[in-house]
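What follows is a set of notes on a single structure, which appears directly below.
The values are calculated or read from the model by the stated rules, or taken from the named source; none is laboratory data. Worth saying up front: this structure is predicted, and the values here are computed from it rather than measured. All Cβ positions, glycine included, derive from the backbone under ideal geometry; neighbour counts span all protein chains shown.
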Amino acid sequence: MNFSQAVKSALIDNYSTFKGRACRAEWWYFVLFTIIISIVVSAVVAFATFGSVDWEYVATLNENQATEFILDSSFGTGTRISSVALTLIFFLPSLAVTIRRLQDLDASYYWAVPYFIVSLVSIWFAIFPSVEPAAVRLGAAGNLITILYCLAFLRKGGYEDNRFGPNPLEEEDTY
């Protein structure tokens with residue numbers, strides 16, 4: 001499965017399909033696609049709104065005041081809105097491809113609960129950003145869970161059929 005096939009599978013063919021299996025390439029290429037889109041959209045929004053902040057005034061503020069000022073500016077609002085929009089757009093296909101990837105490893109979809117919680121927390125922090133120590137620790141815990149999923153998803157799925165369906169790579173060869 002190449003990049004375009006994986007993105008088409010995750011975003012179009014199986015947008016909200018939780019049954020079946022997803023190979024490693026589908027999950028990893030979809031993650032790569034979401035990262036690329038996030039970087040591009042963030043760069044466009046940042047370039048469009050960067051000039052709206054008075055950076056000389058920000059330099060006179062302390063760290064907390066500067067953070068609040070930037071978050072309340074059109075720069076902060078624009079980046080927050082684009083972040084929320086992308087998170088909501090990719091939430092369902094990301095959850096679906098993660099569950100299918102877990103099923104390819106013959107693991108129950110219940111193992112997607114931590115991923116689901118991390119996704120909800122990231123949506124919350126995109127809407128209501130915070131620099132409080134508890135919020136920072138919660139974000140770090142979410143990053144740790146994401147790293148654990150990445151490590152787990154490096155494994156190959158079984159070649160044989162499992163309780164969730166046939167090998168997704170064999171289905172691809174039959175077309």
Taking E56 and the conditions (1) farther than 30 Å from Q103 by Cβ; (2) buried (at least 18 other Cβ atoms within 10 Å of the Cβ), which numbered condition does it fall short on, given that it satisfies the others? (2)
Say whether the condition of being polar (S, T, N, Q), out of contact with any Ser or Thr (no Cβ under 8 Å at 6 or more places or on another chain) and over 21 Å from Y109 (Cα atoms) is met by at least one residue in the stretch 18-36. no
Any residue that is under 29 Å from A25 (Cα atoms), part of a loop (DSSP other than H, G, I, E, B), modelled with pLDDT of 90 or more and of a type in the set (A, V, I, L, M, F, W, C) - is there at least one of those in the stretch 138-153? yes
So which pairs qualify, if the first residue must be in the stretch 104-132 and over 25 Å from D161 (Cβ atoms), the second must be of a type in the set (D, E, K, R) and at pLDDT 85 or above, the Cβ gap must be under 8 Å, and the two must be at least 6 apart or on different chains? A126/R80; I127/R80; P129/R80
Which is aromatic (F, W, Y), surrounded by fewer than 17 Cβ atoms within 10 Å (Cβ to Cβ) and either touching a Ser or Thr at 6+ places or on another chain (Cβ under 9 Å) or not in a loop (DSSP other than H, G, I, E, B) (or both), of F116, F90? F116
Kindly provide the set of residues from the stretch 49-73 that are among the aliphatic types (A, V, I, L, M) and within 23 Å of P133 (Cβ to Cβ), ordered by number. V58, L61, A66, I70, L71
Identify, by number, the condition in (1) part of a helix (DSSP H, G or I); (2) surrounded by 13 or more Cβ atoms within 10 Å (Cβ to Cβ) that L61 doesn't meet. (1)
